[in-house]
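Let me begin by presenting the structure, written as structure tokens, before commenting on it.
The values are calculated or read from the model by the stated rules, or taken from the named source; none is laboratory data. For clarity, every value in this text was computed on a predicted model and none was experimentally measured. Cβ sites come from the backbone with ideal geometry, for glycine too, and all protein chains shown count toward neighbours.
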Amino acid sequence: MKKKCLGNGKKIVVKIGSSLITASSGKLDSRRMKSLVNQVATLKKRGHQVLIVTSGAIAAGVECLGLKTRPKEIPELQAAASVGQGLLIERYANLLDKHGFKVGQVLITQFDIIHRQQYLNARNTLNKLFALGVVPVVNENDTTAVDEIKFGDNDTLAALVASLIQADLLILLSDIEGLYTVDPRLNKDAQLIREVKKITPEIELLAGGVGTKFGSGGMVTKIQAGKITTFAGVRMVIVDGSKPNVILDVVEGKPIGTVFLPKNKRTSSKKLWIAFGRTSEGKLMVDDGAKKAIVEGKKSLLPAGTVDCYGKFNIGDAVDIIDLNGAPFAKGLTNFDSDEVKKIKGLRRNEVIKKLSDGASEEIIHRDCLVVLH
């Protein structure tokens, strides 16, 4: 099946994983980096706006510090990243400079996505870099990130960035050709899945674990990235990044790798931020009538349709909306804290006023701050 060719002037995010640009010795693979950057430069010359999401700062630090193995403890990993990040961006800058392009380094943590103003600042910065003809090179800020705020893998970071800038295409360069029916490293009968129209539970079951000793991601994180991009209206392709001219082949529409097809209609940036930029602090269970009103009627969530409340959250926090079976189907920003929700769940408007005050909101979650996920 022939894939869609992008033509000129489109936004493309290229994610380069550490396993792809790290040699077996643990050092950066300069030859591979040069090949990939040359392809990015070609796209720029064709009129595309290209953003690179890259791993490799820790690997560069390990090489510079002369360490025999990758550290395991967070402080050591952060120290290695601190040393390596400058070296990594310098490598990209030197390679792109040979083609006449400048590089802009952007370091992001989940904090920058969770908070609305930080989210908008990051988007404005990236769009300005595009306007200036600069190639943004994005990485997670490993020098300050800890377990609670780490993306965990740059697949997720790349998907969030792609949705942030409303990219047309996300290319995940992997050490495997794409999504298979079974792990091709363990079963010779594995078949490559060329196209994913919808991420079903069956598709999720196909995902494996971590692929290499230097990388931190696997197919699991790529499926998660696919959930984000397809919802955001961004086409995503997983391909083997070691193949010659693979980036150019994807953009030209050649049938390689696995393509995840996006929704036809793009979601607003605010709702994308709610859906994927905010961590849920609790859950609201609703009855069937409320679910139908939200999904089909595009209505707000009212106290009357709210059955129960789980977790401790404050006004303005993101919460999941679940049905009577406990399945999440929407997410939104709440107008009440968890204690207030417990007091007003199942009540009509006049009863809410008696429990709280005349100034109490009519909706637990207003439609403008609510996004349907399924």
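List of remarks:
- Residue within segment 41-50 that is among the aliphatic types (A, V, I, L, M), touching a His at 6+ places or on another chain (Cβ under 8 Å) and assigned by TED's automatic domain parsing to the domain that holds I16 present: yes
- When each of Q105, Q39, Q85 is tested for being among the polar types (S, T, N, Q), at pLDDT 85 or above and in contact with a Leu (Cβ under 6 Å, 6 or more places away or on another chain), the lone residue that passes is Q39.
- Given (1) modelled with pLDDT of 90 or more; (2) part of a helix (DSSP H, G or I); (3) surrounded by 17 or more Cβ atoms within 10 Å (Cβ to Cβ), index of the condition P136 fails: (2)
- Only one entry of I16, I52, I58 meets the criterion of being at pLDDT below 90 and not basic (K, R), and that entry is I58.
- Neighbours by Cβ (under 8 Å, 6+ apart or cross-chain): first from segment 340-366, on the phi > 0 side of the Ramachandran plot; second buried (at least 16 other Cβ atoms within 10 Å of the Cβ) and assigned to a helix (DSSP H, G or I): G346/P303; G346/A304
- Within segment 352-374, the set of residues being closer than 17 Å to E296 by Cβ, among the hydrophobic types (A, V, I, L, M, F, W, C) and at pLDDT 90 or above comprises I365, L370, V371, V372.
- Among the residues of segment 86-119, the ones that are crowded, with 18+ Cβ neighbours inside 10 Å, touching an Asp or Glu at 6+ places or on another chain (Cβ under 7 Å) and in a helix (DSSP H, G or I) come to 1 in all.
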